[in-house]
Structures are given as C-alpha cells and as structure tokens.
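The values are calculated or read from the model by the stated rules, or taken from the named source; none is laboratory data. Since we're looking at a predicted model, the values are computed, not measured. Here the Cβ positions follow ideal geometry from the backbone for every residue, glycine too, while neighbour counts run over all protein chains shown. Keep in mind that these areas ignore ligands, DNA and RNA; they rest on the heavy atoms of the full protein, side chains included. Shrake-Rupley method; radii C 1.70, N 1.55, O 1.52, S 1.80 Å.
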Amino acid sequence: IMTNEATLTRVDDGTALPVLSLSLSTDSQSWAWRVDASLPASAMDAVMPGVDGLPVLLQAAINGYPVRWLAESVTRERTFGKARIRVSGRSPSALLADPFAVAYSYASASAITAQQAAINAVTEAGLPLGWEIGWHITDWLLPVNLWHHQGTPMSAVLRIAEAAGAYVQT
C-alpha cells in the first residue's frame, strides 16, 4: 500500500495552500501538463488572477516531485455543509499560447535550422527571457524564405515538431 503526499504553494510568495485533492495528467497529444486541484473555499483569494489578469503560478509537489502550473480556472463547489474550490490549469508554457501570448508574424530572411526557428519562436516574440527548448530530434535546414509563421510562439513550435513527426512536451 502506498500513501501519496501532495502539497501546494504559491510560487511568488511561498504561501502554503491546503490541498484536498490533486491530479496531474499528460499524454503525447498534449503539449502541456493538466492539473486539477480541490481546495477549501478559504483559499480562493490566493489562487485568483492578479491585477495584470495573469494566472497565479503554483507549485504542486507529489511525493516530493515538484510540478509548476498556472491556475487558469477557479470555480466554486458547494454541497451541504462544505464549500470548496476547484482549480485547474496547465504548465507555465501555457503563457506561450492562446489566450496569453500575442500572435505574431515571422519569416526567415536566411537559411536556418528547424531548431533555430523553434528557439526564435520563444525568444524573439517579446516574451520574458528564460524559455529554453530541449531538442531531441534530428535537425534539418530550412532554406532562405521557407519558414513563415503567423500565430503564437507555441503554435510555431508545435508546427515545427509536427513537420518532423515529433511532439512537444513541456
């Protein structure tokens, strides 16, 4: 018999949040981890978006293994004598996709590799620094003026991976 231990904290200020249940999931068709948590209703203010409208960054730890995620959806659940909230969200890389990232247009004026195009997608779109790409597929050259993309940084990375028969996992 295994007893799992789950904790939940806000990343910005380290506030510990009481977690009633926690579930994480992903698959090769999903580029982001999905997280669902149930918390007491008293924790609602701690998980609501900030004044900038961006979701709160949380860190779940299951048996000591940390997973960061964005609290994208907060809903109330009330049953007789109980008030809870359900918080769901995705990996922080969701900031590179709709509805958070701005769509942009990009065209390569010189020959670049597919890996360079993916790196450019997450570094040249005016995003905060710190995004990296772990490239684990064979790279290939994109001739001059071949790479054109209009969309979010994540849609660019997904398009490049799809062209190679690969998948994105963040």
- Specify the longest stretch of the chain that does not include any exposed loop site, a site being one of the GluC sites (Glu not before Pro) with a non-H, G, I, E, B DSSP assignment and at most 12 other Cβ atoms within 10 Å. 6-123
- Taking the alpha-carbon centre of each part, the distance from segment 101-170 to segment 1-52 in Å is 30
- Using the alpha-carbon atoms, what tilt in degrees (0 to 90, nearest 10) does helix 153-163 show relative to the longest principal axis of the chain? 60
- Estimate the FRET efficiency between residue 98 and residue 169 by the formula 1/(1 + (r/R0)^6), using the beta-carbon distance for r and 30 Å for R0, to the nearest 0.05. 0.95
- Query: Hey, could you pull the Cα Rg and Dmax for segment 25-115, both in Å?
  - Reply: 17.2, 65
- chymotrypsin sites (Phe, Trp or Tyr not before Pro) within segment 25-132, DSSP loop, no more than 12 other Cβ atoms inside 10 Å: 80
- Message: If you scale each eigenvalue of the Cα gyration tensor by 5 and take the root, what three semi-axes come out for segment 91-154, rounded to whole angstrom and sorted largest first?
- Response: 21, 15, 9
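When the helices in the chain are scored as -39500 (n - 2.57) per DSSP H run of 4 or longer and the sum is shared across all residues, what 222 nm value do you end up with, to the nearest 500 deg cm²/dmol?
Per the formula, -4000 deg cm²/dmol.
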- Message: What is the percent carbon and sulfur in the accessible area of segment 74-166, measuring with a 1.4 Å probe over the protein chains and ignoring ligands?
- Response: 55
- Any idea of residue 90's accessible area? Nearest 10 Å², probe 1.4 Å. 40
- Given the peptides 150-161, 16-27, arrange them by the average over their residues of other C-beta atoms within 10 Å, most packed first. 150-161, 16-27
